[in-house]
Structure formats: structure tokens, C-alpha cells
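The values are calculated or read from the model by the stated rules, or taken from the named source; none is laboratory data. The structure presented is a predicted model; accordingly, all values stated were derived computationally and were not measured. Virtual Cβ from ideal backbone geometry, glycine too; neighbours counted across all protein chains shown. Side chains are part of the model used for accessible areas, which takes the heavy atoms of the whole protein and leaves out ligands, DNA and RNA. Shrake-Rupley method; radii C 1.70, N 1.55, O 1.52, S 1.80 Å.
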Amino acid sequence: MLLDLCTEVCRRARKKKLMGNVVSLGISGADFDFRTGFHRQVKMPDPSNITVDVYEFAKKLFHENWDGLPVRRVSVSLSNLCNDDTYQLSLFDNNEQKRAVDKVMDEIKDRFGDIAILRASSLTTAGQAVDRAAKIGGHSK
């Protein structure tokens, strides 16, 4: 589920030609009577709109703060936005290849629909991409 949300957030950022420097993760517990959950954020070393980079930071926040109780709501966001036309190149990371993969995935989704290409994790019982594609704002079309 977290990867599906990161994919959507990064796709929207790329569409607006933006990158974010801060990844925020919000979790709400399933029990309405006993409120649990958290909202945390972390600053990445460099701004990014690469799905796997944002996912790694969101996943780290989740594992550091989750109390093990059932989850009702998950939210992921990028903030501290900047234009994506200028970024720092790295000799050690293959960010250009990651950007190319994300770009191709975006083009396929734009042309053939949101579920034309999915990650394998989206097809598991935890994945929500297929269900979310059939809804508008959480409601059936």
C-alpha cells in the first residue's frame, strides 16, 4: 500500500515538474475509541520525485514509528517543493535510470490508463492500486 501511494504522489509531482525535499507519512489506527497512529516527516539529502527513493524514506518512517496495531488510513506527501529541471548528479546512485523508468511508467499510464502497468506488489492482497483506479476520491465511479 505504501509503495502504491508513493507511486501516485511522485507521478503527480513529475506531472507538475516538481521535486520534494521532505517526505511525510501519516498513519491512523483502526480503533476509533482508542486513537493510535502518527504523523512524521524526514528530510531527504537531495530533492527527488523518484518513486523508489521516496518509498525508501516512507518505509523507514513506517518501520520506526508503527506500533504494530491495525491501520485504518495511510497518507504520503512531498513538501518543500522545487523545480525538477535542476538536480544534483551522483556518481554512486543510478538516478538517471530510475528517472527513465518512472518516465516510461508515467507515459504508459497516461496513454493506456492507471492500471495498464503495475508493480507486482500492487497485485498482492495488500495492494490497492487496482481498487483505487476504479474510484474517484475514494468513491465508486
| said: If I filter segment 52-60 for residues that are open to solvent by less than 20 Å² (accessible area, probe 1.4 Å) and modelled with pLDDT of 95 or more, do I get at least one hit? | reply: yes
| Hits in segment 30-47 - residues which are touching a residue at least 40 places away in the same chain (Cβ under 8 Å) and either buried (at least 17 other Cβ atoms within 10 Å of the Cβ) or touching a His at 6+ places or on another chain (Cβ under 9 Å) (or both) | Pro47
| query | Out of segment 13-28, which residues are over 30 Å from Pro70 (Cα atoms) and either open to solvent by less than 20 Å² (accessible area, probe 1.4 Å) or not in a loop (DSSP other than H, G, I, E, B) (or both)? | reply | Arg14, Lys15, Leu18, Met19
| query | Residue check, Cys6 against (1) out of contact with any Cys (no Cβ under 8 Å at 6 or more places or on another chain); (2) closer than 29 Å to Asp110 by Cα; (3) open to solvent by 40 Å² or more (accessible area, probe 1.4 Å), all met but one. Which one? | reply | (3)
| request: Tell me, please, whether a residue that is aromatic (Phe, Trp, Tyr), crowded, with 17+ Cβ neighbours inside 10 Å and more than 16 Å from Arg11 (Cα to Cα) can be found in segment 61-68. | output: yes
| Pairs, please: C-beta under 9 Å, at least 6 apart or cross-chain, first residue over 9 Å from Cys6 (Cα atoms) and of a type in the set (D, E, K, R) and in segment 68-80, second assigned to a loop (DSSP other than H, G, I, E, B) and at pLDDT below 95? | Arg72/Ala30; Arg72/Asp31; Arg72/Phe32; Arg73/Ala30
| Which condition breaks for Glu107 when tested against (1) open to solvent by less than 80 Å² (accessible area, probe 1.4 Å); (2) without any contact (Cβ under 8 Å) to a residue 60 or more places away in the chain? | (1)
| query | Do we find that Ala30 is out of contact with any helix residue (DSSP H, G or I) (no Cβ under 9 Å at 6 or more places or on another chain) and modelled with pLDDT under 90 in this structure? | reply | yes
